Structures are given as C-alpha cells and as structure tokens.
There are 2 protein chains.
Amino acid sequence: MPLEIYTDEYFMKQAFAEAEYALAKDEIPVGAIVVTGHKIIGRGHNLTEQLTDVTAHAEMQAITAASAYLGGKYLRDCTIYVTLEPCSMCAGALYWSQVGKVVFAAPDEKRGYRSMGGQLHPKTIVEEGLMAARSTQMLRAFFATKRG
Amino acid sequence: MPLEIYTDEYFMKQAFAEAEYALAKDEIPVGAIVVTGHKIIGRGHNLTEQLTDVTAHAEMQAITAASAYLGGKYLRDCTIYVTLEPCSMCAGALYWSQVGKVVFAAPDEKRGYRSMGGQLHPKTIVEEGLMAARSTQMLRAFFATKRG
C-alpha cells in the first residue's frame, strides 16, 4: 500500500505555516489554505492590522485566491483547512462559496460562528479538532505576549 | 432654520447610485456607502460575478475603502447606508468594524443576517426601511430579467 502523503494533517500543517507568517507580522496567528485534488489553490493569513481592515481574515483571503485561481466563485470541490474555527463573517463567505469541506483545528468559543451565529452551507462537511492543541497554544502565547 | 441637506435619504440615494452601477454590470443590484461627519469615505457595489468572488459584496468593499481612508480598522463614528439588509458575512464584517450605525433599505428575508444568523456589534444602531420599496422593486426587476 503506497504511503498517503496528502493527508488532512499535511494540509493543516500548511495552514499552520500561514499562521506562522501572521505571527511574524505580529498579527493574531490564524492561517488557512484551500485545496482541491491535492493541490493548494489559495492561501491566506490574518492581516487585519497590517491592512487595517477587519475583512482581512485568513479564510477570506484564501477564498478570494482560490476563486481567482479557478475563475469561478464556487468552491464545491474544495476543502478549506483553517487553524481556528471561522467567525460568522468567514462562515458567511464559506456559505456563499458552497465549499465542500471545512477542516478547522481549534474551536473559538467566543467568536466562532457556532456561538456568534451564522452558518455554513447545508452541503458543507465540517471536521474539527485536528491539531487543535497547537492552535490553542499558539494563540494563547500570542495574547500572553500582548498582555505582558 | 437652514435646510438640512445631508439627510439619511441623501446618503441612501448615494447607496442606490452604487446599486445602479452593479445593475449596469449585470450584477445583483446592491450598493453601500460609509459616511462620517457628512463625508462619504467608502463606496461599494456588488461585484461577485465580475470578480468571481463571493466576498465582493457591496458592504465589504465599502468597509475596506472606509478603513483605508481612515487608516484604522474601526468604523465607530461611521454610518453605513446599504440598499439591502446585510447577509451574515457582511454583518460579521460590520461587527468586527464596530460600525456606529447601519441604515438599510429593504429587508432580505431569506439571506439577511437576521434569518441566516450572525449579529452586529451590540453598540451598533440599526435602522431599516428607508427607501425599501425602491430596493425591492430593483431586485425584483433584476431577477425577473434573469428568469425571462
């Protein structure tokens, strides 16, 4: 049996690589990538401070990039990997894109779409928890520095 | 008593001017403007088809433009005028921006944030119904053409 390289973990690590870019820019570390057929077609990391724009979340940029790559606004055959549960803005964008699958690492109990309100498309498959500890740790360390 | 020029209706008409631009590009006609101190600092109209990007709603573009103008991501002293009730994506963006006031024309019973889920910031004032008939008529005519 051939070794499966393109696992969910492989792609989630790529989302974490994006989160690391955000961290290096002193942004809240969240990263996202959009994948179709084992190919990464969109990447993004949080840039709300750099761009002074609340809409510059990781997922929004990854969605825009993936749509530009595909030349179409629907992401039905795509999976988005994101290091934190999407907020209701990003869930709304994912709803409109009809994305096939959302895999997110840590839950966001305060600002995630499940508590803030909002929804994904009814056909979207959702998986959570992959590498969640790494995301939580990264975010906690970031906010501890900010308070320190 | 001096005549008040800068009424809500004055600014809503500007939002409708944006919706007309969308219509001219065969986009679902929705427009938005962001105002602070009687000055329009952000404009946007729906461009989801032209840009093949689900995030290209009128409000998102107006928010990004206003933030760029201000050099800051918060729109606490601003009002956004929009011709249709925001969806949950746009409501989420408005939440993060902490916008002072939202004035929207027509309700969106299917895809508005009040039915789809999502929320505005608790400090945001909301007014609805100004020139609602014009918005509803514009949207109905657009969709009738699409079906025709």
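The values are calculated or read from the model by the stated rules, or taken from the named source; none is laboratory data. Being a predicted model, the structure only gives us computed values, none of them experimental. Every residue, glycine as well, gets a Cβ built from its backbone with ideal geometry; the counts of neighbours run over all protein chains shown.
Table for the structure above
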item: Neighbours by Cβ (under 6 Å, 6+ apart or cross-chain): first from region A:92-108, modelled with pLDDT of 95 or more; second hydrophobic (A, V, I, L, M, F, W, C) and assigned to a strand (DSSP E or B); result: A:Val99/A:Ile80; A:Lys101/A:Ile125; A:Val102/A:Ile80; A:Val102/A:Val126; A:Phe104/A:Val82; A:Ala106/A:Leu84; A:Asp108/A:Leu84
item: Matching option when the condition is within 15 Å of the chain's Cα centre (by Cα), more than 23 Å from A:Met60 (Cα to Cα) and of a type in the set (D, E, K, R), among B:Glu85, B:Glu20; result: B:Glu20
item: Residue among B:Thr7, B:Thr48, B:Thr36 that is in contact with a helix residue (DSSP H, G or I) (Cβ under 9 Å, 6 or more places away or on another chain), hydroxyl-bearing (Ser, Thr, Tyr) and farther than 21 Å from A:Ile63 by Cβ; result: B:Thr36
item: Only one of A:Lys101, A:Lys73 that is within 12 Å of chain B (Cβ to nearest Cβ) and of a type in the set (Lys, Arg); result: A:Lys73
item: Residues within region A:130-148 that are assigned to a loop (DSSP other than H, G, I, E, B) and either in contact with a Phe, Trp or Tyr (Cβ under 8 Å, 6 or more places away or on another chain) or crowded, with 19+ Cβ neighbours inside 10 Å (or both), tallied; result: 2
item: Breaking point among (1) outside any loop (DSSP other than H, G, I, E, B); (2) farther than 30 Å from A:Leu70 by Cα; (3) of a type in the set (Gly, Ala, Ser), for B:Gly72; result: (1)
item: Restricting region A:47-67 to residues that are within 11 Å of chain B (Cβ to nearest Cβ), in a helix (DSSP H, G or I) and in contact (Cβ under 8 Å) with a residue 24 or more places away in the chain, the residue that is surrounded by the fewest Cβ atoms within 10 Å (Cβ to Cβ); result: A:Ala65
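Residue by residue, here is whether (1) under 15 Å from the mean Cα position of the chain (by Cα); (2) without any contact (Cβ under 8 Å) to a residue 40 or more places away in the chain holds:
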| site | (1), (2) |
| --- | --- |
| A:Tyr6 | no, yes |
| A:Phe11 | yes, no |
| A:Val30 | yes, no |
| A:Gly42 | yes, yes |
| A:His45 | yes, yes |
